[in-house]
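Student: My questions all concern the structure below.
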Amino acid sequence: MWIYEKALQFPVNLKCKDLQMAKYIYTQLGGPNGELAAALRYLQQRYTMPTGKTIALLTDIGTEELAHAEMISAMVYQLTDGATPEEMRKYGLGSNYAQNGHGIFPADSNGVPFSASTIAVMGDAVTNLHEDMAAEQKALATYYQLINLTDNVDIKDTLRFLGQREITHYQRFGEALMDVYEYNDCKKVF
């Protein structure tokens with residue numbers, strides 16, 4: 001069903017270690033408003049969408065969110081690459097190091113493991129699309145907040161790219177919502 005291209009959607013080439021920023025960025029991997037949650041939410045919601053167009057949209061965006069989780073993982077890896085256990089502990093990543101070494105484990109910035117309990121999947125397309133629009137806005141707000149936490153241009157550029165994709169997804173979900181309303185109106189018999 002998917003074809004994997006062995007290149008990130010946007011290049012992640014972070015040149016220096018920054019464990020504090022890595023800790024913050026973790027939230028966009030395994031946090032409740034992160035990319036992994038979005039990918040799973042959209043890929044599961046697509047099954048109850050009423051039209052081929054809305055199914056395709058959720059499939060496309062869900063797949064792209066997996067690519068974003070890959071970018072976030074690359075960022076965390078590059079920001080922690082070569083860190084000593086002492087550095088990991090100093091910047092609040094000691095528990096992650098103890099459990100996973102330098103592995104990138106889906107968790108939020110507090111080290112709380114990813115949980116699917118943070119995502120919503122209803123059998124109603126309108127409800128799901130409103131949830132999706134809200135999810136994109138929360139992720140965008142998180143990207144803006146992460147940008148405010150760093151002066152590193154390479155990190156900011158990657159976060160800006162991801163934020164721009166959140167805006168695009170929000171717009172596409174809004175269009176899909178209008179399509180679903182139109183579809184539902186066509187089913188009414190007077």
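Student: Let me spell it out: the conditions are (1) part of a helix (DSSP H, G or I); (2) crowded, with 18+ Cβ neighbours inside 10 Å, and Ser117 meets all of them except one. Which number is the exception?
Tutor: Status for Ser117: all satisfied but (2).
Student: Read through the list (1) modelled with pLDDT under 95; (2) under 25 Å from Phe173 (Cβ atoms); (3) among the small types (Gly, Ala, Ser), then give the number of the only condition that Ala37 fails.
Tutor: Result: Ala37 passes all but (1).
Student: Continuing with this model, one more query. Which pairs do you get when a residue that is touching a residue at least 40 places away in the same chain (Cβ under 8 Å), found in the stretch 100-114, comes within reach of a residue that is buried (at least 19 other Cβ atoms within 10 Å of the Cβ) and among the charged types (D, E, K, R), reach meaning Cβ atoms under 7 angstrom, with the pair 6+ apart or on two chains?
Tutor: From the stretch 100-114, the pairs are Ser109/Lys23.
Student: From Ala135, Ala107, Ala120, Ala141, which residue is modelled with pLDDT under 95, within 20 Å of the chain's Cα centre (by Cα) and small (Gly, Ala, Ser)? Steps first, answer last, please.
Tutor: Values: Ala135 fails: modelled with pLDDT under 95; Ala107 fails: modelled with pLDDT under 95; Ala141 fails: modelled with pLDDT under 95.
Criteria check complete, one pass: Ala120.
Student: Still on this structure, I have one more. Which numbered condition trips up Gly92, out of (1) surrounded by 13 or more Cβ atoms within 10 Å (Cβ to Cβ); (2) at negative phi; (3) assigned to a loop (DSSP other than H, G, I, E, B)?
Tutor: (2)
Student: Mind checking which pairs have a first residue in the stretch 59-76 that is modelled with pLDDT of 95 or more and a second that is surrounded by 22 or more Cβ atoms within 10 Å (Cβ to Cβ) and of a type in the set (Lys, Arg), Cβ under 8 Å, 6 or more apart or different chains?
Tutor: Sorted first by the residue in the stretch 59-76, then by its partner, the pairs are Gly62/Arg41; Glu64/Arg165; His68/Arg165.
Student: Moving on. Test of understanding: among Ala107, Ala120, which residue is in contact with a strand residue (DSSP E or B) (Cβ under 9 Å, 6 or more places away or on another chain) and hydrophobic (A, V, I, L, M, F, W, C)? Even if it seems obvious, please write down each step before you answer.
Tutor: Working: Ala120 fails: in contact with a strand residue (DSSP E or B) (Cβ under 9 Å, 6 or more places away or on another chain).
Answer to the check: Ala107.
Student: Within the stretch 74-88, can you find the residues that are in a loop (DSSP other than H, G, I, E, B) and either among the polar types (S, T, N, Q) or crowded, with 16+ Cβ neighbours inside 10 Å (or both)?
Tutor: Kept after step one, since they are in a loop (DSSP other than H, G, I, E, B), are these residues of the stretch 74-88: 81-84.
Result: Ala83, Thr84.
The values are calculated or read from the model by the stated rules, or taken from the named source; none is laboratory data. Please read these numbers as outputs of a predicted model, since none were measured by experiment. Cβ coordinates were reconstructed from backbone atoms using ideal geometry, including for glycine residues, and neighbour counts include every protein chain displayed.
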